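Nothing in this text is a laboratory measurement; each read-out follows from the coordinates by a stated rule. Just so you know, these numbers come straight off a predicted model, no measurement behind them. Here Cβ is always computed from backbone atoms with ideal geometry, including for glycine, and neighbour counts include all displayed protein chains.
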Amino acid sequence: MTENLSILGCTGSIGTQALEVADELSIPVGALAANNNISLLEKQIRKFSPSKVCVYNEKSAGILKENIKDTFTKVYAGMDGLCNIASQNSSDTVLTAVSGMIGLIPTLEAIKSKKNIALANKEALVAGGAIVTEEAKKNGVKILPVDSEHSAIFQCIQGIKDTRDIKRLILTASGGPFFGKKLSELKNVTVQDALNHPNWSMGKKITIDSATMMNKGLEIIEAVWLFNINPLQIDVVVHRESVIHSMVEFKDNAIISQMGTPSMKTPIQYALTYPGRMQSSVKSLDFTKYNKLTFESPDYETFKCINLCRQAIKTGGTLPAAINAANEEAVALFLNGKISFLQIQEIVEYIFKNHKLRKINSLYDIIDTDKNIKEFVLKKFGCGSN
Ligand code: NDP
Ligand code: MG
C-alpha cells in the first residue's frame with residue numbers, strides 16, 4: 001500500500017483521477033508536477049499541501065511561485081525540477097502520468113531513488129524498456145501498471161506459480177472512433193473526428209493513438225517489458241464494450257479475464273493499494289445492462305501501427321524508440337493541422353522501414369534516437385498544412 005504519493009502529470013486525465021483516488025483513500029501527496037496548467041495546480045496545492053511542485057514551463061513556474069506565497073509548497077521548474085519531484089524524499093511511490101518520452105528521465109530518477117513506479121506513461125517504457133526494467137531490478141523497486149490492459153493482466157496473474165504457464169496475453173481494444181472504417185474512408189477525417197473516442201475521456205495524444213490503434217501497438221511493447229513475454233504470445237482482440245480489460249490464457253487453455261465498469265480509477269487504485277485492495281467509488285458492474293459482449297479481430301490492413309510495433313519490439317534495439325518518436329511528432333503535427341490523419345501511420349511506417357538500427361548501450365542511445373527522429377519528421381513532414 002502506498003504511504004505517500006508523488007505524481008508527474010497531476011493536471012492531466014490520469015493525474016486528476018489519481019488525486020481523486022488519493023483523496024478517497026487518504027493517501028498523503030508528497031509532490032506534484034505539471035507542464036503549464038498552474039490554475040489547476042494551485043487548487044491541487046491548496047487541497048493536498050505537497051511539500052514540492054514542479055511546473056516544467058519556467059515562466060509559469062515563476063507566476064505560480066508568486067500566487068502561492070502564502071503556502072509552504074516549494075516550486076521548481078524544468079527537467080531538473082521534474083527529477084526533483086520524482087526523487088521527493090517522503091514519497092514511496094511515483095505515479096508517472098506525463099504524456100510522451102519526456103517522462104523517461106524522471107522515471108529513471110524515481111527508480112534510482114528507490115521509489116515504486118505506478119506507470120501510466122507508456123512511452124517511457126516503450127522507448128526505454130531495457131534500461132527502465134534493468135534499473136528497477138537493480139534498485140529492487142516495483143513497476144506497477146496503470147494502463148488498464150496491463151493492470152488487468154497483472155491482476156489475472158496474481159498467485160500463479162510459474163510464468164511459463166502463460167500461453168498468451170490477450171489485450172482487448174475498444175477499436176477507437178474509426179473501428180470498421182477502411183483506408184478510403186479515413187482520408188479526410190478531422191482532428192475533431194479523431195478526438196471523439198467512444199468509451200474513454202483521455203488526453204489528446206493517447207486519444208489520437210487510440211484512433212490510429214498505435215496505442216494497441218505501444219501496449220504490445222509495454223506488455224513485453226512488463227511481463228517479460230515474447231511479442232508473438234500477445235494477441236489483440238477488439239471488444240467494443242470495454243468491459244473485459246484484458247485476459248491471460250494458460251497452457252491448459254484456461255483463460256482468466258479481469259472485468260469491471262470502464263474507469264481508469266480502478267487500475268490507478270490497484271497500483272496504489274497493491275498487493276491489497278480497498279473499497280472504491282467506481283460503480284459495480286451491472287451485467288444485465290449489457291445483453292452481449294462482442295469480440296472481433298482488428299483490421300491490421302487499415303490500422304498498420306499494431307503490427308509495426310510488434311515487429312519493432314521483435315527487432316529490438318533503438319527501433320521501438322524510433323517509431324515511438326515518429327508517432328509522437330506525427331501526432332503533434334496532426335493536432336496542429338500540418339498533416340492528415342493517415343499520414344500519422346505513413347510516417348511511423350516510413351521510420352520503421354528507414355531507421356538505422358542501433359543497439360542500446362546506454363540512455364544516450366534512446367534520447368539521441370528520440371531527438372533525431374523527431375527533428376527528422378518535423379523537417380520532412382512538418383511544412384504542409386491541411
Ligand atoms: P494528459 O494530456 O491528459 O495529461 C498529461 C499530463 O502531463 C498533464 O498534467 C500535463 O501538464 C503533464 N505534462 C506534460 N508535459 C509535461 C512536462 N514536460 N513536464 C511536466 N508535466 C508535463 O494525458 P493522459 O493523462 O491522458 O495520459 C498520461 C499518460 O498516461 C500517457 O502516457 C498515456 O498514454 C497514459 N495513459 C492514459 C490513459 C487515460 O485514460 N488517459 C489510459 C492509459 C494510459 P499540463 O496539464 O500542465 O499540460
Ligand atoms: Mg490502455
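So for the range 316-331 (the condition being surrounded by fewer than 20 Cβ atoms within 10 Å (Cβ to Cβ) and in a helix (DSSP H, G or I)), does at least one residue qualify? No, the range 316-331 contains no residue that is surrounded by fewer than 20 Cβ atoms within 10 Å (Cβ to Cβ) and in a helix (DSSP H, G or I). Looking for something within 15 Å of the chain's Cα centre (by Cα), touching a residue at least 40 places away in the same chain (Cβ under 8 Å) and in a strand (DSSP E or B) - is there at least one such residue anywhere in the range 145-158? Yes: one or more hits.
Residues that are within 12 Å of ligand 1 (Cβ to nearest atom) and within 22 Å of Ser151 (Cβ to Cβ): find the helices (runs of 4 or more DSSP H) completely inside the range 179-225 holding 3 or more of those. Lay out the reasoning, then the answer.
Values: elements: 183-186, 191-194, 204-212.
Per the criteria, 204-212.
Of all residues in the range 104-151, those being among the acidic types (Asp, Glu), within 15 Å of ligand 2 (Cβ to nearest atom) and in contact with a Ser or Thr (Cβ under 9 Å, 6 or more places away or on another chain) number 2.
Scanning the range 302-312 for residues that are closer than 13 Å to Lys216 by Cα and among the β-branched types (Val, Ile, Thr) gives a single hit, Ile306. Filter the range 1-50 down to the residues that are more than 14 Å from ligand 1 (Cβ to nearest atom) and polar (S, T, N, Q) and list them by number. The answer is Thr2, Asn4, Ser26, Ser49. Number of residues in the range 101-128 that are within 16 Å of ligand 1 (Cβ to nearest atom) and buried (at least 24 other Cβ atoms within 10 Å of the Cβ) equals 17.
Of everything listed in (1) more than 13 Å from ligand 1 (Cβ to nearest atom); (2) surrounded by 17 or more Cβ atoms within 10 Å (Cβ to Cβ), the single unmet condition for Ile268 is (1). Val132 meets the conditions (1) under 26 Å from Ala254 (Cα atoms); (2) out of contact with any Asp or Glu (no Cβ under 9 Å at 6 or more places or on another chain) in every case but one. The failed one is (1).
Residues of the range 282-293 include none that is touching a residue at least 60 places away in the same chain (Cβ under 8 Å), part of a loop (DSSP other than H, G, I, E, B) and not polar (S, T, N, Q). Residue-level check: of (1) outside any helix (DSSP H, G or I); (2) over 30 Å from Tyr364 (Cβ atoms); (3) not basic (Lys, Arg), Val141 misses just (2).
Yes or no, residue by residue, for (1) in a helix (DSSP H, G or I); (2) without any contact (Cβ under 8 Å) to a residue 12 or more places away in the chain; (3) of a type in the set (Phe, Trp, Tyr); (4) within 16 Å of ligand 2 (Cβ to nearest atom):
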| residue | (1), (2), (3), (4) |
| --- | --- |
| Gln17 | yes, no, no, yes |
| Asp23 | yes, no, no, no |
| Ile27 | no, no, no, no |
| Ala31 | no, no, no, no |
| Asn36 | no, no, no, no |
| Ile45 | yes, no, no, no |
| Cys54 | no, no, no, no |
| Lys65 | yes, yes, no, no |
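Across the range 52-90, the number of residues qualifying as surrounded by 15 or more Cβ atoms within 10 Å (Cβ to Cβ), of a type in the set (A, V, I, L, M, F, W, C) and under 21 Å from the mean Cα position of the chain (by Cα) comes to 6.
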